[in-house]
Amino acid sequence: MNIAILFPGQGSQYPGMADPWLDHPAGKEVVERASEVLGWDVAEVSRDPEALQRTEVVQPAVFVCDLAAFAVLAEEGVETDMAAGHSLGEYAALIASGAVEMEAGLNALAARAEAMGQASQTNPGAMTALVGVTRQDAQEICDLAGRGDVLAIANENAEKQTVLSGSETAVARAEELARGRGAKAIRLPVAGAFHSPLMEPALGPVRELLARVEFRQPAFAIAPNVSAIPTTQPTALRDSLSRHLVSPVRWDATMRAMDGAGITWFVEAGPGDVLSRLARRAIPSATVRTVGSPQDARSVAEDIRRELDDF
């Protein structure tokens, strides 16, 4: 049995998502420690739907919930063989693996969120998920709708689920084209055109801070969004993260790389079940679980122990 932990990103949030972790010592410790670093109460702010609409708030909040889930899984005896995080979730994967210290990683993520929020105000934009068209068709829609404007593939989530990111007008044109081809176009609940050229104003501040962060050998391999190639090399992890903001999230390739590396269990640690659903589509033979509470973590740990006992 080989286990991969998947850390969700922005878009998976919901009001009250941090509260379950306060009921477990390991989860509570993560929430309280992160709150001290950030200077605001993560659990309290996570109960506010309006606050969760702000990039500079929601990104650290999701990150903290991801890490709280991981801490409880570890406390319950779940061992990790590999990890990946979707967009901001990659920061959680780095801290969980020990590649980056908690405080340094949280400060870097907070700076990222702040820079992305400012870039979104400078270069307003949107994101939409195209469901039911191939990646080739999505690229064609992107090319047609983006002529004379900014539009890019932001997330390669699945064989027939691609997220486009760019200006409001270009995204709207892409949605119309996609629906004309019989696909669904789902506008994402985010505040800007993430993973597109419109985020370039945020690159400088983020790279400057990342240059001061120490990257160490992780305890397990991480598959970065940029390359989708699992690695334990600190320099590769730093380089991938520095290109993260304006590069697509190659999630489908990441799942297939993990499958090729022998992963048989995928555990989504954090709010929501977006990554779990993508994992089931990509690797139907794998066991996939979601962990959004201590009870979920205990259940996963028990099932893993039961399966190991059967060998």
Checking region 109-206 for GluC sites (Glu not before Pro) in a loop per DSSP with at most 16 other beta-carbon atoms within 10 Å yields GLU159
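Taking 0.36 nm per residue of sequence separation and subtracting the Cα-Cα distance, how much length would be gained by fully extending the chain between ASP303 and THR235, in nm to one decimal? If you can, show how the numbers build up before the last one.
Working: separation 68, 0.36 × 68 = 24.48 nm, distance 3.59 nm.
Between ASP303 and THR235, full extension yields 20.9 nm more.
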The base-10 log of I(q)/I(0) that the Debye equation returns for region 217-273 at q = 0.15, 0.16, 0.24, 0.26 Å⁻¹, one scatterer per C-alpha, is -0.47, -0.53, -1.08, -1.16
Net charge (Lys, Arg +1; Asp, Glu -1) of residues whose beta-carbon lies under 12 Å from that of ALA269, ALA269 excluded, is -4
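For region 1-75, what is the convex hull (Cα atoms) projected area averaged across all directions, in square nanometres?
Working: hull surface 20.1 nm².
Mean shadow area of the hull around the Cα atoms is 5.0 nm².
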Taking Cα atoms, the helix 25-38 axis meets the longest principal axis of the chain at an angle in degrees (rounded to 10) of 50
Ranking CYS142, ALA223, VAL267 by how far each Cα lies towards the positive end of the charge dipole of the chain (+1 on Lys and Arg Cβ, -1 on Asp and Glu Cβ), the top one is CYS142
Rounded to the nearest 10 degrees, the helix 55-75 long axis (Cα) sits at an angle to the longest Cα principal axis of the chain of 30
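For region 178-301, what does the alpha-carbon gyration tensor say about shape, rounded, prolate or oblate, given a ≥ b ≥ c as the root eigenvalues, a/c under 1.5 as rounded, and a/b over b/c as prolate? All intermediate terms of the calculation are to be shown ahead of the outcome.
On the way: a/c = 1.70, a/b = 1.13, b/c = 1.51.
Oblate.
Over the chain, what relative contact order in percent results from Cα pairs under 8 Å that are six or more residues apart? Intermediate values should be presented prior to the final figure.
Details: 687 pairs, mean separation 75.9, N = 311.
In percent, rounded to a whole number, it is 24.
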Of all DSSP beta bridges having both residues in the chain, the percent classed as antiparallel (nearest 5) is 50
Dividing the helical contributions, -39500 (n - 2.57) per DSSP H run of n ≥ 4, by the residues of the chain yields a 222 nm value, nearest 500 deg cm²/dmol, of -15000 deg cm²/dmol
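Measure off, as a whole percent, the carbon and sulfur share of the 1.4 Å-probe accessible area of region 107-220, all protein chains present.
Working: 2510 of 5170 Å².
Of all accessible area on region 107-220, carbon and sulfur atoms account for 48 percent.
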Here the relative contact order (percent) of region 92-191, from C-alpha pairs under 8 Å and at least 6 apart, is 32
With Cα coordinates, the longest principal axis of the chain makes an angle with the long axis of helix 294-310, in degrees rounded to 10, of 70
Relative contact order in percent for region 203-311 (Cα pairs under 8 Å, 6+ apart) equals 18
Non-local residues with an amide H under 5 Å from the amide H of ALA158, with H modelled 1.01 Å from N and Pro and chain starts lacking one, are ASP252
For region 41-134, the charge dipole (Cβ of Lys, Arg +1; Cβ of Asp, Glu -1; about the Cα centre) points to a positive end, and the Cα of GLY77, VAL131, PRO60 closest to that extreme belongs to VAL131
Check: C-alpha center region 24-59 vs C-alpha center region 106-150, spacing in Å is 25
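Counting every Cα pair in region 1-143, what percent are over 23 Å apart? Write down the numbers at each step before the final one.
Details: 3942 of 10153 pairs.
Distances greater than 23 Å cover 39 percent of the Cα pairs.
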Note: the chain, point scatterers on Cα, Debye, no solvent; log10 I/I(0) at q = 0.07, 0.09, 0.13, 0.14 Å⁻¹ equals -0.25, -0.41, -0.89, -1.03
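Place a +1 charge on the Cβ of each Lys and Arg in the chain and a -1 charge on the Cβ of each Asp and Glu, then give the dipole magnitude about the Cα centre in debye, rounded to the nearest 20. Display every interim value, and only then the final one.
Numbers: 27 positive and 42 negative charges, 207 e Å.
My answer is approximately 1000 debye.
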Other residues with Cβ under 15 Å from the Cβ of THR55 give, with Lys and Arg +1 and Asp and Glu -1, a net charge of -2
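Excluding VAL213 itself, calculate the net charge of residues whose Cβ lies under 12 Å from the Cβ of VAL213, where each Lys or Arg counts +1 and each Asp or Glu counts -1.
On the way: positive: ARG112, ARG207, ARG212, ARG216, ARG238; negative: GLU101, GLU103, GLU208, GLU214.
Net charge around VAL213: +1.
The values are calculated or read from the model by the stated rules, or taken from the named source; none is laboratory data. Since we're looking at a predicted model, the values are computed, not measured. A quick note on method: Cβ atoms are made from the backbone with ideal geometry, for glycine too, and the neighbour counts reach across all protein chains shown. Quick note on the areas: whole protein, heavy atoms, side chains included, nothing else; ligands and nucleic acids left out. Shrake-Rupley method; radii C 1.70, N 1.55, O 1.52, S 1.80 Å.
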